[in-house]
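Visitor: Mind having a look at this structure? Questions to follow.
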Amino acid sequence: MKPVILLTGKNGQVGAELLRLLPQVGEVVAFGHDQLDLSNPSDIRRTIREVRPQLIVNAAAYTGVDQAETDETTAHAVNAQAPGLLAEEAQKIGAVLVHYSTDYVFDGTKKLPYDEADSTNPINVYGKTKFTGEQAIRSSGVSHLIFRTSWVYATRGRNFLLTILRLATEREELRIVNDQVGAPTCASDVAAATTKILSPICERNDGSFVFSDVSGTYHMSAAGQTTWYDFAATMLEKAKATSHNLDWLTTATQGRRLIARRVIPISTEEFGSPTPRPAYSILSNCRLMQTFGVALPDWQTQLQRCFASESITANLLAD
């Protein structure tokens, strides 16, 4: 008997991909912001008590890093308070909680990949609220999987990939930060890895969940590393070399020609963002591989899939 899965954030980058894949694991009851407002505690409690899922997958989040600095109340409600309530309600009915967090829980001062045991020290409101959400889940006692990922993008929504492609139709020169190092991770790969992990667990003991040995926090990001500048330059090269029609690319560029001829590397200071960001936020994914035998492809491979003519999602689970 397949478990009932309550999925939040079904219209988001990761949530939309999970909505495609999680039916392989169980019966999915999915909610977007219009159906479930995570800033409303009574909404959360009522929804969980009505659905009574065996598994809750929280793919919803307040992801506006700059906006969070001036809208801390909403960011805290969605990123910190809501995960705690989800965990609390899950614990009451014996459900398991899967939650996504971020590389921004670290301050970026380390020079080697961060592992799960490293001290956290978020330097912006977004990172602080996400870490508070993690703490709330861990302290609830609920069986959980917290997956920290990094620099998430997709071929839908609002993200760096789509922003750069749009700007490349408007400007001949793009100035991109070159002193922040991270691992761009495609939402499709996050969803595929999550599905690979959950499938065998949910099949054990006729659908009962045994999470006691694996409950905890794991890093789940693309292999390799790059800068925002190199990521932008690479995606523009691939976009210009694409000879076939891609619906998402046409939408991103509104059918207009890419006119950007130069991509100029600049410093974080030159960019002048009001929000501090980690200079280095590479995550070590060793624990994910050791525990579940799952590893995400390198960031170049993930990006290449976006520009491939075949469906991205169709081939992910076969990797």
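Visitor: Please enumerate the residues belonging to segment 130-186 that are on the phi < 0 side of the Ramachandran plot, in a loop (DSSP other than H, G, I, E, B) and of a type in the set (A, V, I, L, M, F, W, C).
Guide: Of segment 130-186, the ones on the phi < 0 side of the Ramachandran plot are 130-140, 142-150, 152-156, 158-186.
Add one more test, that the residue is in a loop (DSSP other than H, G, I, E, B), and what stays is 142-143, 150, 154-156, 158-159, 168-172, 178-180, 183-184.
Val142, Ala154, Ala168, Ala183 - these are the residues of segment 130-186 that are on the phi < 0 side of the Ramachandran plot, in a loop (DSSP other than H, G, I, E, B) and of a type in the set (A, V, I, L, M, F, W, C).
Visitor: Being among the polar types (S, T, N, Q), more than 21 Å from Leu198 (Cβ to Cβ), buried (at least 22 other Cβ atoms within 10 Å of the Cβ) and touching a helix residue (DSSP H, G or I) at 6+ places or on another chain (Cβ under 8 Å): is that true of Asn79 here?
Guide: On the way: among the polar types (S, T, N, Q): yes; more than 21 Å from Leu198 (Cβ to Cβ): yes; buried (at least 22 other Cβ atoms within 10 Å of the Cβ): yes; touching a helix residue (DSSP H, G or I) at 6+ places or on another chain (Cβ under 8 Å): yes.
Against the criterion (among the polar types (S, T, N, Q), more than 21 Å from Leu198 (Cβ to Cβ), buried (at least 22 other Cβ atoms within 10 Å of the Cβ) and touching a helix residue (DSSP H, G or I) at 6+ places or on another chain (Cβ under 8 Å)), Asn79 qualifies.
Visitor: Something else now. Check segment 235-251 and report whether any residue there is modelled with pLDDT of 95 or more, of a type in the set (Lys, Arg) and assigned to a helix (DSSP H, G or I).
Guide: No: zero hits.
Visitor: Step by step: first the residues of segment 95-138, then only those that are under 28 Å from Ile201 (Cβ atoms) and aliphatic (A, V, I, L, M), then the one that is surrounded by the fewest Cβ atoms within 10 Å (Cβ to Cβ). Which residue is that?
Guide: It comes out as Ala117.
Visitor: Follow-up question, since we're still on this one. If you take the residues of segment 126-152 that are touching a residue at least 60 places away in the same chain (Cβ under 8 Å) and of a type in the set (Val, Ile, Thr), which of them is nearest to Trp248 (Cα to Cα)?
Guide: Val152
Visitor: Got at least one residue in segment 251-263 being touching a strand residue (DSSP E or B) at 6+ places or on another chain (Cβ under 8 Å) and open to solvent by 40 Å² or more (accessible area, probe 1.4 Å)?
Guide: So far as segment 251-263 goes, yes, one or more of its residues are touching a strand residue (DSSP E or B) at 6+ places or on another chain (Cβ under 8 Å) and open to solvent by 40 Å² or more (accessible area, probe 1.4 Å).
Visitor: Considering only residues that are more than 30 Å from Thr291 (Cα to Cα) and surrounded by fewer than 15 Cβ atoms within 10 Å (Cβ to Cβ), which ones fall in segment 216-250?
Guide: Of everything in segment 216-250, those that are more than 30 Å from Thr291 (Cα to Cα) and surrounded by fewer than 15 Cβ atoms within 10 Å (Cβ to Cβ) turn out to be Glu237, Lys240, Ala241, Thr242, Ser243, His244, Asn245, Asp247, Thr250.
Visitor: Kindly indicate whether Asp66 is within 23 Å of Cys186 (Cβ to Cβ), open to solvent by less than 20 Å² (accessible area, probe 1.4 Å) and either in contact with a Ser or Thr (Cβ under 7 Å, 6 or more places away or on another chain) or among the charged types (D, E, K, R) (or both).
Guide: no
Visitor: Answer with yes or no whether Thr155 is open to solvent by less than 20 Å² (accessible area, probe 1.4 Å) and either touching a residue at least 12 places away in the same chain (Cβ under 8 Å) or more than 16 Å from Ala60 (Cα to Cα) (or both).
Guide: no
Visitor: Mind telling me which of the residues Thr194, Thr163 ends up being buried (at least 18 other Cβ atoms within 10 Å of the Cβ), within 23 Å of Cys306 (Cα to Cα) and among the hydroxyl-bearing types (Ser, Thr, Tyr)?
Guide: The conditions single out Thr194.
Visitor: Between residues in segment 297-309 that are on the phi > 0 side of the Ramachandran plot and assigned to a helix (DSSP H, G or I) and residues that are surrounded by 15 or more Cβ atoms within 10 Å (Cβ to Cβ) and modelled with pLDDT under 95, which pairs lie under 6 Å by C-beta distance while being six or more apart or on different chains?
Guide: Every condition considered, no pair remains.
Visitor: Could you tell me which numbered condition Gln300 fails, if it satisfies all but one of (1) surrounded by 18 or more Cβ atoms within 10 Å (Cβ to Cβ); (2) at pLDDT 95 or above?
Guide: (1)
The values are calculated or read from the model by the stated rules, or taken from the named source; none is laboratory data. Worth saying up front: this structure is predicted, and the values here are computed from it rather than measured. Counting neighbours? That spans all protein chains shown, and the Cβs are built from the backbone with ideal geometry, glycine included. Quick note on the areas: whole protein, heavy atoms, side chains included, nothing else; ligands and nucleic acids left out. Shrake-Rupley method; radii C 1.70, N 1.55, O 1.52, S 1.80 Å.
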